[in-house]
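Visitor: I have a structure here, written as structure tokens, and I will follow up with some questions on it.
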Amino acid sequence: MFGKLSHTVRTFGYQEYGGPMLESFDLYAAKTGEEIVNQQLYWMMDRGDRKIAVRPEMTPTMARIVAGKIHELARPIRLFSIPNLWRYERPQRGRLREHWQLNVDVLGGDPLDAEAEVLTLAVEIMAAFGGADKMQVKVNHRQLMDHFFSKKMGLTPEQTHKVVKAIDAKDKVDPAKFQGWLAEAGVKPEQIGELENFFKSDLITLLNTMPCDGVLHLLELFKTLTEAGMKIGTQIVFDPTVMRGLDYYTGTVFEIYDTSPENRRAMFGGGRYDNLMALFDKTAGKEALSGVGFGMGDVSLQHFLEVHSLVPKLDSETDVMVTLPKAEFRVIASNIARGLRAEGYHVVTPLAVGNFGNQLKLANKHEAKVAVLFGDDEFAKGEVLLKNLLTGAQTSVKKDSVVAEIAKILGPRNQTEK
């Protein structure tokens, strides 16, 4: 699964990066959402009396790394990682305390082009698993929401923050609790209807009734996506209820939903964070290097694949087993294995002398696709037997042509693996 994710992202030119499992607590306290820091962060004091935390997400680490090399990197900066992360929360469907997550970010470039690429990439990832027609990207804009809350509803920034948090969790609670949260945030009863009507609005209506930078940006973004071949209205839609609670999102936000009634939930999401780099480096802030990205957890992806019967069959990583029937054949076996590995094939050897039957059984246990077999007769003629363990076919070949013959059976290995 991770191999398919990595391959798809690399086809767009993204480079992989890594980071430490432990970071300063302050890194997350300043740059991560309150819920993660106050409720879900694993932290400890080390022997130097420093407060450190186990990483709950990767974006702050990525931003710190980029800030330190910002003048060395070619623009736009395209990065991805697949780290394991930890959050202290109640394990449930789609959420575990430890999980692996694909993180994709592009820093710099024209905002419309960068966002269109990231959204296209998200769709292409699902397409790689055969699920492009079983998901939907829901898109919103934080400037649109800020305009609505401040200009139309007259809420203060503090009230807006609480309302955004409530809307972000709307689908997880019953209506009465949601309305209670709104009331606590200062939303008047007569304003709830206004809020519900806003949730039902489309972009054209908002362009006429509430024109603002957020609406104009989304209209241009959807135009760009249409030109890129995306299906607006079905594959990608506008949804004003998408909030994305993390505090650093400043522009376009989006979530990818499973359309199956059995798993109708947000699988992953992301958005634009124009101010994140400035939190780490004043020089970086002067360049106004903005970013857009998303994070996809392995658990939610697995559930999606299971619901739609798209879980890929895990193929054996072993291509060939080179047997060792006698000690005096060890040099020959070693040379054959070395030649195959030089071409990128995954080769195992028994590491002990054994008879024909036992080593063939061992090859099957390793789920090898081809077994290289030879005995006294083959040795005398300078040949080996190649047994195709997928079909049962067996043929004699000259030992100097083993690599070429196996390539005919299995095809050439990816040379990047060499």
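Visitor: So which of Asp168, Asp174 is over 28 Å from the mean Cα position of the chain (by Cα) and either open to solvent by 40 Å² or more (accessible area, probe 1.4 Å) or under 29 Å from Ala278 (Cβ atoms) (or both)?
Guide: Matching residue, one of Asp168, Asp174: Asp174.
Visitor: Next question, about the same structure. Looking at Glu378 and the list (1) open to solvent by 60 Å² or more (accessible area, probe 1.4 Å); (2) within 16 Å of Ser396 (Cα to Cα); (3) among the charged types (D, E, K, R); (4) in contact with a strand residue (DSSP E or B) (Cβ under 6 Å, 6 or more places away or on another chain), which single condition is not satisfied?
Guide: The single condition Glu378 does not satisfy is (1).
Visitor: Another question, then. Open to solvent by less than 80 Å² (accessible area, probe 1.4 Å), among the charged types (D, E, K, R) and modelled with pLDDT of 90 or more, is that true of Lys365?
Guide: no
Visitor: Taking Ala67, is it of a type in the set (Gly, Ala, Ser) and either in contact with a helix residue (DSSP H, G or I) (Cβ under 8 Å, 6 or more places away or on another chain) or touching a residue at least 60 places away in the same chain (Cβ under 8 Å) (or both)?
Guide: Considered against the rule, which asks whether it is of a type in the set (Gly, Ala, Ser) and either in contact with a helix residue (DSSP H, G or I) (Cβ under 8 Å, 6 or more places away or on another chain) or touching a residue at least 60 places away in the same chain (Cβ under 8 Å) (or both), Ala67 comes out as yes.
Visitor: Can you tell me which residue in the stretch 1-28 is modelled with the lowest pLDDT, limited to those that are among the hydrophobic types (A, V, I, L, M, F, W, C) and under 12 Å from the mean Cα position of the chain (by Cα)?
Guide: Among residues in the stretch 1-28 that are among the hydrophobic types (A, V, I, L, M, F, W, C) and under 12 Å from the mean Cα position of the chain (by Cα), the one modelled with the lowest pLDDT is Met1.
Visitor: Test Lys138 against the criterion of being among the basic types (Lys, Arg) and either touching a Ser or Thr at 6+ places or on another chain (Cβ under 9 Å) or in a loop (DSSP other than H, G, I, E, B) (or both), and give yes or no.
Guide: Here the answer is yes, as Lys138 does meet what is asked.
Visitor: Moving on to the next point. Considering (1) surrounded by 15 or more Cβ atoms within 10 Å (Cβ to Cβ); (2) touching a residue at least 40 places away in the same chain (Cβ under 8 Å), say which one Val187 fails and leave the rest.
Guide: (2)
Visitor: Of Thr226, Thr234, which residue is among the hydroxyl-bearing types (Ser, Thr, Tyr), in a helix (DSSP H, G or I) and out of contact with any helix residue (DSSP H, G or I) (no Cβ under 7 Å at 6 or more places or on another chain)?
Guide: Just one listed residue meets the conditions, Thr226.
Visitor: Would you mind telling me which numbered condition in (1) in contact with a Leu (Cβ under 8 Å, 6 or more places away or on another chain); (2) more than 30 Å from Thr11 (Cβ to Cβ) Ala368 fails?
Guide: Among (1) in contact with a Leu (Cβ under 8 Å, 6 or more places away or on another chain); (2) more than 30 Å from Thr11 (Cβ to Cβ), Ala368 violates only (2).
Visitor: So Glu417 clears everything in (1) at pLDDT below 90; (2) acidic (Asp, Glu); (3) in contact with a strand residue (DSSP E or B) (Cβ under 8 Å, 6 or more places away or on another chain) except one condition, right? Which one?
Guide: So Glu417 meets the others, but not (3).
Visitor: Scanning for something part of a helix (DSSP H, G or I) and without any contact (Cβ under 8 Å) to a residue 24 or more places away in the chain, does the stretch 117-132 turn up at least one residue?
Guide: yes
Visitor: Checking the conditions here, which among Arg64, Arg47 is open to solvent by 60 Å² or more (accessible area, probe 1.4 Å), among the basic types (Lys, Arg) and in a helix (DSSP H, G or I)?
Guide: Only one candidate qualifies: Arg64.
Visitor: Continuing with the same structure: So which residues in the stretch 344-356 are outside any helix (DSSP H, G or I) and more than 18 Å from Ser316 (Cβ to Cβ), if there are any at all?
Guide: Leu351, Ala352, Val353, Gly354, Asn355, listed by residue number.
Yes/no per residue for (1) within 21 Å of the chain's Cα centre (by Cα); (2) open to solvent by 40 Å² or more (accessible area, probe 1.4 Å); (3) farther than 26 Å from Gln302 by Cβ:
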site	(1), (2), (3)
Gly214	no, no, yes
Phe222	no, no, yes
Met230	yes, no, no
Arg244	yes, yes, no
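Visitor: From Ile332, Ile406, which residue is among the hydrophobic types (A, V, I, L, M, F, W, C), touching a residue at least 40 places away in the same chain (Cβ under 8 Å), in contact with a helix residue (DSSP H, G or I) (Cβ under 8 Å, 6 or more places away or on another chain) and closer than 30 Å to His7 by Cβ?
Guide: Going through Ile332, Ile406 in turn, just one is among the hydrophobic types (A, V, I, L, M, F, W, C), touching a residue at least 40 places away in the same chain (Cβ under 8 Å), in contact with a helix residue (DSSP H, G or I) (Cβ under 8 Å, 6 or more places away or on another chain) and closer than 30 Å to His7 by Cβ: Ile406.
Visitor: Regarding the stretch 314-330, can at least one residue be identified that is in a helix (DSSP H, G or I) and open to solvent by less than 30 Å² (accessible area, probe 1.4 Å)?
Guide: Yes, that holds for at least one residue.
Visitor: Out of all the residues in the stretch 147-165, is one or more hydrophobic (A, V, I, L, M, F, W, C), within 19 Å of Thr252 (Cβ to Cβ) and not in a helix (DSSP H, G or I)?
Guide: The answer is no; no qualifying residue exists.
Visitor: Identify, please: which residue in the stretch 194-212 is part of a helix (DSSP H, G or I) and out of contact with any helix residue (DSSP H, G or I) (no Cβ under 9 Å at 6 or more places or on another chain) and is, among those, surrounded by the most Cβ atoms within 10 Å (Cβ to Cβ)?
Guide: In this case the residue turns out to be Thr205.
Visitor: Of all residues in the stretch 357-416, how many are of a type in the set (S, T, N, Q), more than 22 Å from Lys326 (Cα to Cα) and assigned to a helix (DSSP H, G or I)?
Guide: Selection size over the stretch 357-416: 2.
Visitor: If a residue has to be within 16 Å of the chain's Cα centre (by Cα) and surrounded by fewer than 20 Cβ atoms within 10 Å (Cβ to Cβ) to count, how many in the stretch 137-157 make the cut?
Guide: 0
Visitor: While we're looking at this one, here's another question. Take the residues in the stretch 78-119 that are more than 29 Å from Leu22 (Cβ to Cβ) and under 15 Å from the mean Cα position of the chain (by Cα); name whichever of them is surrounded by the most Cβ atoms within 10 Å (Cβ to Cβ).
Guide: This residue is Leu119.
The values are calculated or read from the model by the stated rules, or taken from the named source; none is laboratory data. Keep in mind it's a predicted model, so treat the numbers as computed, not measured. Cβ: placed from backbone, ideal geometry, glycine included. Neighbour counts: every protein chain shown. Surface accessibility is based on the protein's heavy atoms, side chains included, excluding ligands, DNA and RNA. Shrake-Rupley method; radii C 1.70, N 1.55, O 1.52, S 1.80 Å.
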